[in-house]
Every structure is written in structure tokens, then in C-alpha cells.
Amino acid sequence: MLQEAYFILSNYIWQIVDGLVIVAIFPLLAGYVVLLERKVMADMQARLGPMRVGPHGLLQPLADAVKLMIKEDIIPESADRAIFWLAPVLSVFAGMLSFAAIPVGPGFLIADMNIGLLFIFAVSSMGIFGIVLGGWASNSHYSLMGALRSSAQLVSYEVAVGMAMVSGLLLAGTLSMKDIVGYQAHSGFWLVFVAPVGFVIYLVGSVAETNRAPFDLPEAESELVAGYMTEYSGFRWALYFLAEYSNMVVVGSVATTLFLGGWLRPFAGTPAFHFLDYAPPLVMLGVTGYCVYRIPKQTGWDQKFIMAIFTGICFVITVPLAAALPHPVAGWQAGVHGAFWFIAKVMAYVYVFLWARFTFPRYRFDQLMQLGWHYLIPLSIVNVMGVATAIVLHREAGWNPVVSIGVTLVVTVLAALWLVRAGERREQATLKSAA
Amino acid sequence: MTNLILFYFFAGLAVLGGVLVVTMRNAVHSAVFLITSLLATAGLYLTLNAEFLFVVQIILYVGGIMVLFVFVIMLVNLDVALHQVQFNRQTWVAGLLSFALLAELLAALALARSSSTGMQLLPAPHVPAASVQGNTEQIGTLLFQNYVIPFEIASILLLVALVGAVVMGKKRI
Amino acid sequence: MIPTSHYVVVSLLLFTTGVIGVLTRRNVIIILMSIELILNAVNINLVAFSRLVGSVEGQAFAIFIITDAAAEAAVGLGIIIAFFRNRETVLADEMDILKW
Amino acid sequence: MDEPQNPATALPVEMPIPGADEIVLNMGPQHPSTHGVLRVKLKLDGERIEASECIIGYLHRGVEKIAEHRSYQQFAPYVDRMDYVAAVSNGLGYCEAVEKLLGAEAPPRAKVVRTILTELQRIASHLLWLGTHALDIGALTPVFYCLREREEVLKIFEKYCGARLTTHAFRIGGLQYETYDGFEHDVKRFCDDFEKKVEEYEQLLTGNRIWVGRTKGIGILTGEQAIALGVTGPPLRASGVKWDIRKAMPYAAYDQYQFDIPSGQNGDTYDRYLVRMEEMRQSRRICLQAIENIPTGPIMAKVGKVLKPPPGEVYHAIEAPKGEIGYYVVSDGTVQPYRVRVRPPSFINLQAFDTMARGHLVADVVAIIGTLDIVLGEVDR
């Protein structure tokens, strides 16, 4: 027994450490995605956003967390207590478990499963229950409608998202997250350039999967108050919130791994671009420098002190990045640089989510379903067939890869255009019949 | 050792979940315990090195079929149903018969283990030495080569079920 | 390595539970869920024996069974919805007029 | 939902056997997008609306009754609190109604200043409408741009009379305050900037596929229906009826200025949106024309300190941002009105809600409430 425990510990010590680091960092990251969201929103809306808690609102996530934790926890009288308790936990569980398979950097992942991508897909499909059961247990019409909407939405968009993943998988030929990145490193091209349509479908589908605007119908504020979360408050609500933002980071990570080259540096295979290795420490140094510059501008010693702490954190991140130079190709050096690029790509992906949220109005439920079933799913099927054809043309018939991909891409785009045209005609027909 | 602990954990969870599915008054609670049972079964698959099936179980059973169940339970308003008698009159007969069935099957199993001519369940399973292909690839090869026609038939079955469900769910046909 | 018989016993227990559920419950939805339990028990058996035999054919069969379960659930639940719409009940012993 | 069936609030349709997915949903009175304390009872089939009923009165303050116990001047600030996002227009209607009753007329300078302020108020009101409407439909950003522009208008109001929202800008007989130095400059600068801003909003929304999808064909009101329901203002014009009191029965100084009456054809939410956008442009045009040439002279007619209109009655209506706001004032010869009845546009436009909402989805309810541009303070008075 003890021996076995020792065996496990000695063999899996790095996995455990990685796991602790990732589980500690990602919720924090989710918290700071909230701050990022509020800052981006404020910037797009000609305001400042959170400024009070810490310099430039840097401590706002912590303040929010504390506030939500000490808030009164209300369970409605007629709610189903057990399931009311279970639902948010299930949501967070699904969000957090996905991190197990995400490779943040080479050698910097919890579990290298040979079914990694499917595992994430499976676990995130369990997140539906958190929403559905929560909506049902609240015993409120708004919650129930939110729950029904979201289950319908998630189930439909899962098909499109799954098919988009398949188009990437066909190319990589593996389900292991690590090997997918390995394939992209080996082939020298990120899959987004090989299967762009798949990436676009994944982008749209993942917005819907995470219930973000313009697909945030389950929690449509103006219609269903807060959808399935209407009756939740305090810590349970915070759990839902955490789940939502973790899910954003998860889909961002999957997209990064599958389509955007994971932890790879841009132009990783080209020696001429090796100078890009200097970018991570320089960027972090720049951030540190800016923080130093901002310190004296803060009002009050406490703000200055907090700003100084953030400066320190930035500097602490800079040091290993700089120490990993000049050739971060193996070992921990590759790990920290990989993590930098990975998180940068995930954040860029999440930024697109925010950008869309503050730009677009919300879809109506039938329009959302229409987009899913009439456009995305057919297109994703066409795309999978296109990618498969391209692979066959290249590997079996020996065509030039660029030509084979180009031809199938043109066909796919034509199919997309045809779908849009057909949809417009259908729309006009319904408008005419309505009038 | 670790495997055994995991096995007992998952097996216990699966059986317990199953029993609660049958005994719970509220259909949603039943569904939650069915989900538990299915997840535990998925865990059992893992202990059998069937990781692809583990994922399929979660994606299809938990993420697909069970969502459908919960969806329907919510549509079918069960407030009234909660106060109705949940079990049939033949409960005791049925229970007795089922336990008789269980006893019979267990006896058969025990006999098979003891008899030398019966099916050999006792010998340790021979697992081929770490195969070159992963579990997923093996199943894929099997499905798309040996069982490609059953596979297609299954897909047609699904299509028919889809159409059937849509027709059934429609208000006016 | 866990003996196959362990899995068979678990499968038997689940199977019997499912049978009890099908025979005793009145709620059709729970009866359907019990059927899922039975199918699941079969799957455990298939996968366990597939390991015993040393091939993955049993797992392929399990996938077919899961497909079947999906089809069955979709149609069964569709029937339940249609029935509930007309008769306002989901109890099996009230579905007794053969035609409506 | 389990409240006893009060015949007054019962749904106006017979209830068939409740099916598997028929529910009655209560929207409001506390709901983020009913714009106040409106309660809407919806009978849903799935998410489709089979019938609806608006239940009002949560903000009833008895404004009309109060009028009977206040002198004519004392009542003027109360009208600001009806449609509190277009207080200036309300005040204009009331002041002109009483002036009509008195047989007095505001001097030309007062009339022009009134026109400018009222048109600015129309822009402000439409901006608030645009922002909240877009917010209801899920576009989070336009509301901040709209509030930014509205702020400029409110600043002008503040500089002019010290108040931003409930301005009480006009007095019976004219104006109390002379315009401040730089009033023309401020208005001109606002109008010059505003041209670009409207373009910006249109860029955000007009061509946006989601926006068009959410608004086109939603809440259709034909011209006949609109007239039959007494709908006025932009919803009426969007249905193709070119009726604008500013043109039909000019008041203040509107007869001196050139402007168009925008109108739509389909009478759907999208058309109402386009009509209001165009109205903002036209309001800007009126302001620019008026600011060119403000006549000099007195700002107050000689009406005396104590108003005692001769016995009689008068109805005077103006085109408020939300539609025709009319004041029916009855005088019995004392210092207090015998009766004041307000014809509030929001209240009457809200009647069209059921007609517009039937057959649409729950999500469209918020679009329809938004497009009606109601203010509950005015609905309930």
C-alpha cells in the first residue's frame, strides 16, 4: 500500500505539480479575464471601467470574489435543495476538469491522454447538466426557460463544434493534444491555415457553447433576467460565473491547441524568425517598465504599494523568460516560453469573444437554432469532406498540398455562399408570407 | 491495488446509482442518479483500458441521451406525478422474480467458475502485449473495416429514430 | 488485474436493478431509464469479455449498443411527449386504451 | 402564477387544455427590460406568444387629480414628471394649452427658444430610446454612446435653467429665463457634432445582420390598425401614415422651418427604428435653422401673476417625442383648473402591444416594448 503510494508519487510528481500550478493559475486567469472584459468593455464604450480597487482596478477580481463569498446564500423556498446545491458544482467541475488535458507548454501538462481532445469534449458536454439542473431546481419559469434554451443550444452547437474539431483531427491524425501540437510543429503550418473554415466554425460554435453574446440566450439579461442563474446568489452564483469564464479559457485553449499551434512560437520552424524568441521577455520587460512608470502616479502609498507588487510580479515572470534565452527549444526553457505563447494566444482568442460581445446585438432563439442547423452544421460537414478530400488528393494522389487544399477550400467556400443565399431566399419567403 | 480500489469505487457507485434510479420518487433525481451510474460505468471502462469507450459513454450517454431525458422530464410537468403512487401493484412479485433471476445468474456464474468444462471465466485475461495501435485506432479500424455495414445500418437507424422523434414531437402531423 | 468475474457480477447487479425498475415503476420515463441501465449492464459485460478475449470487438459492439440506446431514447421520449400532450399522464398503467 | 383569477386581470383568451409546453409567464413588474414597472402577462406556447396583457398602474401618482388642487403655474412642474425623459415637451404642451385657455400667446422669441429646446429634447429622448432599445436587443455598446450625446443636450438644459431632467423650462406665457451667453454656440456645436454621431450609430446597427434579423418583420402594425388603436408618433409614421402635429397643426414656431416627416412602409420594428433615426436628423435640421435667427424682444407675454382663465375648456396637443401629447384643460374661472386630462402617447401606444406581440417569441417582447418607447411615468401618470 505504502509502496504503491510511493510509486505513484514518485512517478507522477511532475503531473501533480503541473496540476497544482494549472489549477491554481487558471481560476485566477478566469478572474482576470473578467477584469479584462470589463476594461475592454469600458474602452469600447468610452468609459474607464473599474478603477477603485487597486491601481486601475487590478485587485477588482479579488474584491469581487470576497464580496460574492460573504454574500448571503439564498435558496428559494420551493427549490429542490439537493439539486440546487449540485448544479453549480457540476458546472465548475466540468470547467475545471477540462484543464487536465490542456498542454500549456511542452512538458507542462497534467495528463497526456491519447484521447485528450475527446476527453475535453466529453467533459465540457457534462457542463450542460449544471445549467439544466440548476434551471430546473430553481423552480422558476425564467430559470426553466433559460435551462431549456441552453440545453437545446448546447446540444445543437456541439455537433458543429465537434465537426469543426474533426476537420483539424483529420489533418493531425491524433487525438492527443500534445501530438496535435507536435504535428503542427512538424508540418510547419498551424492548422488554421490548412483548415480555415473549420476554425471559423469552431470560433462561432465555441461562442455559442460558452453561452457568450451574441449567443447568450440562456442568460439573456433583457428577456429572461439571468436565465438559469436567476435564483442563484452569492457563492453559488460565483461558481456559475467561474464556470463560464473557465469554459471560455478552455475553448480558447482547445482552439489554440488545435488550430493556432498551441505553445508554438509564430514561425517556429523558420530560423530567420528566431529573433522572435526575444519577444516574450521584452514584452514582459516592457510591461514591468510601464508598471514602474505608473508607480509614482498612483495616489496614496497603498496604491503605490500594490502597483509595486504588480511590478514585482511582472518582473518575476520576466526573469525565467529571459533566463530561458537564447535557445528555448527543450526542457524548462521551452516550457516557460511555450506557456507564454500559449496564454497569449488564448487571451487573443478570448479577446475576440469580448469584442463580439460588445459589438453585436443578441440573436433570437429561432435565429440561433437556424444559424446552427441551417448554416453551421451543413457547412461543417462539407468542410470535413473537403479536408478529407484534400488529404486524399495530397497523400494518395500526390497532388501539391497547396493546390489540393486550395481546391477544396474554394469548394467549401462556394458551399458556404450557397447556404447563405438559400437562407436569404428562405428568409424573404417567410417575410413575404408574414406580410 | 490502486486498480482494485478504483474498481470497487466505480462498481459501488454504479450499482448504488442504479438502485437509486429505481427507487427515487422524483424523475429528475432518478435522472441524476442515472447520470452518476453511467459515469461510474465509464470509470469501469477505464479500468478495462477501454478509454475510447469511456469518452463515447460520456459524450453520447451523459452528454446526449441524458440531456434528452432531462429535457423531456422538464417538458412533462411532473408536479402532479409526485403525489401519485410510484410503484405498480405487482411490485412484490416483480421484485421476487427479479431477485430469483439474479440468484439464478449468480449461480450460473459460480458454476461456470467451478466447473472445469464450463466457460473459463477464472483464468486471468490475456491482454496482448502493448499493442502498437491505440485503443481508439483499433476500434476505428474495426468499425470501418470489419463492421462497416453494421456501422452504416446503425447510422440509418439513428436517422430513422431522428425522423421518428421529430414526427412524434410535432403537434399536428 | 481485476478478474473478469468481478465485472460480470457488477453487470448482473445493474441488470437486475434495471429489470426491477422496468417491472415495478409506473412512470414511463423511469422505465426508459431502467432500460438504459440494462443496456449499460450489457455494455460492461461486453467490454469485460472483450478484454478477456483480447480484442476490441466487444467494445465495437458496445458502441453499437450505445447507438441503439440513443435511437431508443429519442423515439421513446418522442412517444412520451406525444402521449403526454394527449392524455396528460406519463404513468404506464394509465396507458390502457390502445388508441386515442 | 397561482394567484386567484381576478376577472380584471384574467387573460383575454379562453384557456384551452394546458398542453405539455404552455405556460403563463409574468414579465415584470420588476424586470430589466420592461422599462420601469410594467407588468406583462404572457400566455406562451413553448416560446410563442398566444396572448398578452399589459397590467399597469404601478407608478400611478394621481397627477391629473393633483392638478385640481394646484394653481395653473403650480401644476406646471408636475407634468415634467410624467414623461421624465422628455420633460421639456410635456411642459410645452401644458403651457400652450393654458395659454390657449387664457387667450394669450408667447412672444416670438420665446416661441423660437421653445422650439429649439423641444427639438433638443426630442433628440435626447430618441437617443435614450435608441440606447435602451439596442440594449434590450443585446447590443451593449450603443447605450453608452447615446448617453454621451444625451449628456451634451442635458448640459445645455442645465446651463439654461439649472435642471437636467425635470427642467420646468417654460412658463405659462413664455419663458422665465433669458438664454445664456453662448447658447447659440452650444446648440450649434452640438448639432455639428451630432451629424457624425448619428452616422456612427447607423453604422453600428442599421446594416447589422443580427439587428435586422431581430427587428425586421417584428411587431408589424399596419396603418389602419395603428389609426384604429390611436397610435401616434413614430410608430404611426412607421406604419406609413404621415401624421405629424408639427406639420398638421403647427404650434410654437414650427411653421417657420423646413423639415421632412420620415415615414416607413412595413410598420415593423426596423421601420420604427429608421423613422426615429431620421427624426433625430430632422430635429437637428430644425435646431440649425432656428439657431440662425432667434428674434429679439421680450420672452414673456403679459399674463399676470395670478392666472384666472375664463370658464371654458381647451384641448391642445403637440408632437412629443413619443407621439401626440394632449392636454384637455377645463377652467371654472378660479385659480385652479377644474379638470386636467392628459392624453399620454405612451399609454395609448401601449395599447398596440397585444396586436404587435401575438405570434412572436418571448425575445421579441422586449423588442416590441422597446420600439413602442414607453415611459411608465407617463403611462400610469
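Values in this text are rule-based calculations from the coordinates and carry no lab data. Note that this is a predicted model, so its numbers are computed, not measured. Every residue, glycine as well, gets a Cβ built from its backbone with ideal geometry; the counts of neighbours run over all protein chains shown.
Observations on the structure shown:
- Taking Cα atoms only, the orientation of helix C:4-24 departs from the longest principal axis of chain C by about 10 degrees.
- Counting every other Cβ atom within 10 Å of each residue's Cβ, A:S124, A:S176 order from fewest to most as A:S176, A:S124.
- Adding -39500 (n - 2.57) for every DSSP H run of four residues or longer, then dividing by how many residues the protein assembly as shown holds, sets the calculated 222 nm ellipticity at -21000 deg cm²/dmol.
- Residues A:W14, D:W129, sorted so that the one with the fewest Cβ neighbours within 10 Å comes first: A:W14, D:W129
- Whole-percent pair-distance distribution, where bins are 10 Å wide, for the alpha carbons of region D:141-205: 19, 43, 27, 11, 1
- In this structure the amide hydrogen of D:Y338, modeled in the peptide plane, comes within under 5 Å of the amide hydrogens of D:V330, D:S331, D:D332, none closer than 5 places in sequence on its chain.
- For the peptides D:150-158, D:58-66, A:167-175, D:167-175, residues were scored by their other Cβ atoms within 10 Å and the scores averaged per peptide; the highest-first order is D:167-175, A:167-175, D:150-158, D:58-66.
- Point-to-point label distance, D:Y58-A:A279, nm (Cα→Cβ direction, 7 Å offset): 5.3 nm
- FRET efficiency estimate (nearest 0.05) - Cβ-Cβ, B:I153 to B:L16, R0 30 angstrom: 0.25
- In sequence order, calculated HN-Hα J values of region A:299-316 (Karplus, 6.51, -1.76, 1.60; Hz; x Gly/Pro): 8, x, 5, 5, 4, 4, 4, 5, 4, 5, 4, 5, 4, x, 4, 4, 5, 4
- Mean Kyte hydropathy of -1.0 or more with a Cα span along the axis of at least 18 Å, helices from DSSP in chain D: D:87-102, D:108-137, D:142-161, D:269-292
- Cβ-to-Cβ counts within 10 Å put B:T41, A:T256 in ascending order as A:T256, B:T41, the fewest first.
- Mean per-residue shielding of peptide C:86-95 is 3, counting Cβ atoms of other chains within 10 Å of each Cβ.
- When the charge dipole of the protein assembly as shown is built from unit charges on Cβ atoms (+1 for Lys and Arg, -1 for Asp and Glu) and taken about the Cα centre, the candidate among D:M280, D:G138, A:A334 whose Cα reaches farthest toward its positive end is D:M280.
- D:D192-C:N86 FRET efficiency (beta carbon distance; Förster radius 60 Å; 0.05 resolution): 0.35
- Cut-off under 5 Å, modelled amide H: who pairs with A:G262 long-range: A:T257
- Estimated Rh, chain A: Kirkwood, alpha-carbon pairs, angstrom: 23.5 Å
- Taken about its Cα centre, region C:4-91 carries a charge dipole of roughly 260 debye when the Cβ of each Lys and Arg holds +1 and the Cβ of each Asp and Glu holds -1.
- Potential extension, D:E224-D:Y84 segment - 0.36 nm per residue separation minus Cα distance: 47.4 nm
- Site pair D:D260 and B:Y8 shows an inter-label distance of 8.5 nm when each label is modelled 7 Å from Cα along Cα→Cβ.
- Proportion of all alpha-carbon pairs of the protein assembly as shown beyond 49 Å (%): 38 percent
- Between C:S55 and D:E151, the simple label model (points 7 Å from Cα in the Cβ direction) yields a spacing of 7.5 nm.
- Ratio Rg/Rh [Cα only; Rh per Kirkwood] for region C:4-91: 1.10
- Per residue of A:35-47, other chain Cβ atoms within 10 Å of the residue Cβ number 2 on average.
- The region of chain A that goes longest without hitting one of the GluC sites (Glu not before Pro) in a DSSP loop, each with at most 13 other Cβ atoms within 10 Å, is A:78-395.
- Length added when fully stretched, A:W85-A:V407, from 0.36 nm per residue minus Cα-Cα: 110.6 nm
- The C-alpha atoms of chain C define a longest principal axis, and helix C:57-87 lies at about 10 degrees to it.
- Ranked by the mean number of other Cβ atoms within 10 Å per residue, highest first, peptides A:356-369, D:303-316 order as A:356-369, D:303-316.
- Rounded to whole numbers, the Karplus 3J(HN,Hα) couplings from phi for region A:239-255 are 5, 4, 4, 4, 4, 4, 6, 5, 4, 4, 5, 5, 5, x, 5, 5, 4 Hz, using 6.51 cos²θ - 1.76 cosθ + 1.60 with θ = phi - 60°, and x at Gly and Pro.
- Net charge of Cβ neighbours under 13 Å - reference A:Y375; Lys, Arg +1; Asp, Glu -1: +1
- Remark: mean inter-chain Cβ contacts per residue of A:2-13 equal 1, using a 10 Å Cβ-Cβ cutoff to other protein chain atoms.
- Charged side chains reduced to their Cβ positions (Lys and Arg at +1, Asp and Glu at -1) give the protein assembly as shown a dipole of some 1400 debye around its Cα centre.
- Mean-position separation - Cα centroids, region D:233-299 and region D:173-229, in angstrom: 10 Å
- Under the Karplus curve 6.51 cos²θ - 1.76 cosθ + 1.60, θ = phi - 60°, whole-Hz ³J(HN,Hα) for region A:40-50, x wherever Gly or Pro sits: 5, 4, 4, 5, 6, 10, 6, 9, 9, x, x
- Computed from the Cβ-Cβ distance with R0 of 35 Å, the FRET efficiency linking D:Y315 to D:E200 stands at 0.30.
- Contour excess over end-to-end distance, with Cα ends at A:R47 and A:N400 and 0.36 nm allotted per residue: 121.9 nm
- Distances between placed amide hydrogens fall under 5 Å for D:G174 paired with D:A301, all partners being 5 or more residues away or on another chain.
- Ranking B:V93, C:I81, A:F365 by how far each Cα lies toward the positive end of the dipole of the protein assembly as shown (charges on Cβ) leaves A:F365 at the top.
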